[in-house]
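Asks: Before I ask anything, here is the structure I am working with.
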C-alpha cells in the first residue's frame with residue numbers, strides 16, 4: 001500500500017508539472033488542459049481519500065475512523081469551494097487562488113492519511129491505557 005501511495009504521488013506530480021508547463025500556472029491558465037487540471041485535482045483528491053479510507057480500514061477495521069476521514073475530506077472540499085466562491089464574488093478568484101490551491105494540495109496528498117493514522121493510533125493507545 002505504501003508503494004501505491006508513493007506511485008500515485010509521483011504520477012500526480014508528473015501530470016500537473018506537464019499541464020503547468022503547457023497552460024501556465026495560476027488561475028489564469030489557458031487552454032483546454034487548464035479545465036482538466038481542476039478535474040484531475042478533484043480526481044486525485046478522491047483517490048487519496050479512497051486510499052486513506054482503505055488504510056484506516058486495514059489498520060483499524062472501525063467505521064468511526066472511516067467516518068472521521070469522510071468528515072475531514074468533506075471539510076477540505078467545503079472550505080476550498082466556499083473560499084473560491086466567496087473570493088470570486090467579493091473580489092476575485094486570483095486573490096483566493098493560493099489558499100484554495102493549498103487546501104486542495106493537502107487533499108491530494110498523503111498528509112491527511114498520515115495525520116489520521118497517527119491520531120487513530122494515539123486514540124487506540126489511550127483507549128488501551130484506560131481499560
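Asks: On a 0 to 90 degree scale, rounded to 10, what angle separates helix 63-90 from the longest Cα axis of the chain?
Replies: With both axes taken from Cα atoms, the answer is about 20 degrees.
Asks: Ranking request for peptides 75-83, 122-130: highest mean number of other beta-carbon atoms within 10 Å first, then the rest in descending order.
Replies: Numbers: 75-83: 15.3, 122-130: 9.9.
Per-residue mean Cβ counts within 10 Å order the peptides as 75-83, 122-130.
Asks: Same structure again: Hey, what angle do you get for helix 32-60 against the long axis of the chain, alpha-carbon based, 0 to 90 degrees rounded to 10?
Replies: 0 degrees
Asks: Another question about this same structure. Packing-wise, with mean Cβ within 10 Å as the measure, how do 91-98, 66-73 rank, highest first?
Replies: Working: 91-98: 13.6, 66-73: 16.4.
With the highest mean Cβ count within 10 Å placed first, the list reads 66-73, 91-98.
Asks: For segment 2-130, restrict the atom set to alpha-carbon positions and state the Rg and Dmax in Å.
Replies: Rg and Dmax of segment 2-130, Cα atoms, are 16.9, 58 Å.
Asks: What angle, in degrees between 0 and 90 and rounded to the nearest 10, separates the Cα long axis of helix 111-130 from the longest principal axis of the Cα atoms of the chain?
Replies: That helix lies at roughly 20 degrees to the long axis.
Asks: How far apart, in nm, are two points set 7 Å out from the Cα along the Cα-to-Cβ line at residue 131 and at residue 91?
Replies: 5.1 nm
Read-outs: derived from the displayed coordinates by stated rules, not from any lab. If you're wondering where the values come from, they're calculated on a predicted model, not measured in any experiment. Don't worry about glycine lacking a Cβ; one is built from the backbone with ideal geometry, like all the others, and counts go over all protein chains shown.
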